[in-house]
Amino acid sequence: MPDTLRTNRRTVTLALIIIVASVSSAPTRTIVDALGREVAVPQDVSHVICSGAGCLRLLTYLDGLDLVVAVDAMEVRHERFGARPYALANPHLRRLPVFGEMRGRDNPELILALDPRPDVIFKTWGASMGTEPDVLQAQTGIPVVALAYGDLLALRGQLADALRMMGRVIGRTERAEEVVAFLEATAADLARRSSGVADHDRPAVYLGGVAFKGPHGLASTEPVYPPFELVGARNLARDPDRAGEDLRQATVAREMIVAWDPDVVFLDLSTLQLGEDQGGLHELRHDPAYRTLSAVRDGRVYGLLPYNWYTRNFGSVLANAYFVGKTLQPGRFADVDPAREADRIYEFLVGAPVFRKMQDAFQGLVYRPVPVGEHALR
């Protein structure tokens, strides 16, 4: 190794040691995070950063963005297809300093160089989520609070715990309870509207174009699709024996989709990222097999917002569920305008009505019939 490089590394290492040693020893309180770790956090928290997919979204729900001093690289990327409501509602996030790469690949040197320095680092944690919390805490001398992100189905309790823990740390427990209550009430409203429908009165549905580590075509689906689950939709790709599993994506043979011939096809508009000559929309318009589907012939193909965009966007899950419910059981959702309902949800969770921005980004196809029949080819 060249002497200059060796000297530079020693200098950086020494600087880190000095900075970590100088971290203020303000009065603290101990919390137990999602990994069962006892973490000493300051009594008063004024500055934070959020590491990992979805972490900054939860802080947005708690009206906590005034505490954020830096963001990960995901937040400053230019995106043609904007599907993260919290980011659309808060464009100032793109102007903040960057402390590391997306999905929890943190840079301790950048973190320690922040001014002001964070009092706490929140970190959503799971498999393949970057730097381990204990390692990051040791590298920076800053308390790291691990969160389990959860969902709106079987892991709803984890989501509530994450919001409440974050609320306790930053002193926003009342807002945390409001958010938890809002999510529970909205899910309960969807269940109430959808309950008591006989199986033979539930149209058979298929969701295509689901993104998974990038955009995919019509064969990509989600066997346990949260909006379908919340309104009891008859998802043809759902395996009842595996409904309790976290099945976020599966690939279905084209022949199976044709054999199912769903009554209604929903298209996850993340597939538009593949461009005009690829993806689910192109296939529905041009693949002879898919053009035999009765839903294509009769104009029963509808666009849905991507919800799994830097992990789960809970507001979009709920908004999609209202549109799916109104499409499948219009009488039970007669008082619902899906676009207005989406903005009601977004205003509460992220502070702004951003549905129009996403509608514009996804070619005006959100919550509307997707033109795939004969007229679409003329």
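Every read-out reported here was derived from the displayed coordinates using simple, explicitly stated rules and does not represent laboratory data. A quick note: this is a predicted structure, and the numbers were derived from the prediction, not measured. Cβ: placed from backbone, ideal geometry, glycine included. Neighbour counts: every protein chain shown.
Here are the numbers for this structure:
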item	result
Zone of VAL98's modelled label, taken as backbone nitrogen in segment 39-67 under 15 Å from a point 7 Å along Cα→Cβ	52
Cα→Cβ-extended label distance, 7 Å offset, between ASP66 and ASP134, nm	3.7
Prolate/oblate/rounded call for segment 99-223, Cα gyration tensor, a/c under 1.5 rounded	oblate
Amide H partners (placed H, <5 Å) of TYR302, local residues excluded	VAL265, PHE266, LEU267, VAL370
Reference-scaled alpha-carbon Rg (2.2 N^0.38 Å with N residues) for segment 19-107	1.21
Nearest 10 degrees, 0 to 90: helix 173-194 Cα axis against the chain principal axis	10
Intensity falloff of segment 168-231 expressed as log10 I(q)/I(0), Debye formula with alpha-carbon point scatterers, at q = 0.20, 0.21 Å⁻¹	-0.89, -0.91
Farthest toward positive dipole pole in the chain [+1 Lys/Arg, -1 Asp/Glu at C-beta], among GLY351, LEU88, SER220	LEU88
Cβ crowding within 10 Å averaged over residues, with 54-64, 69-79, 30-40 ranked highest first	54-64, 69-79, 30-40
Two-site label geometry, ALA289 and ASN107: point separation in nm, points 7 Å out along Cα→Cβ	4.6
Cα point-scatterer Debye curve for segment 203-377, base-10 log of I(q)/I(0) at q = 0.10, 0.12, 0.14 Å⁻¹	-0.34, -0.50, -0.70
Segment 264-320 - convex hull of alpha carbons, volume per residue in Å³	77
Label-point gap, in nm, between ALA198 and GLU276 - each point 7 angstrom along Cα→Cβ	4.8
Value at 222 nm in deg cm²/dmol, rounded to 500, when DSSP H runs of n ≥ 4 in the chain each add -39,500 (n - 2.57)	-11000 deg cm²/dmol
Between 0 and 90°, nearest 10: helix 338-350 axis offset from the chain longest Cα axis	10
Extension gain (nm, one decimal) between GLN363 and ALA26, 0.36 nm per residue minus Cα-Cα	116.2 nm
Overall dimensions of the chain as given by Cα atoms, namely Rg and Dmax in Å	22.8, 76
Rg/Rg_globular for segment 3-184, with Rg_globular taken as 2.2 N^0.38 Å and Rg from C-alpha atoms	1.04
Cα lying deepest toward the dipole's positive end in the chain, options ILE111, ALA154, GLY130, charges on Cβ	ILE111
For segment 143-300, Kirkwood radius (reciprocal of mean inverse C-alpha pair distance, Å)	17.7
Among VAL366, VAL179, VAL258, residue whose mean-square fluctuation peaks in a GNM of the chain (springs only between Cα atoms under 10 Å)	VAL258
Coarse-grained scattering of segment 76-153 at q = 0.10, 0.21, 0.23 Å⁻¹, given as base-10 log I(q)/I(0) from a Debye sum over alpha-carbon atoms	-0.28, -1.11, -1.22
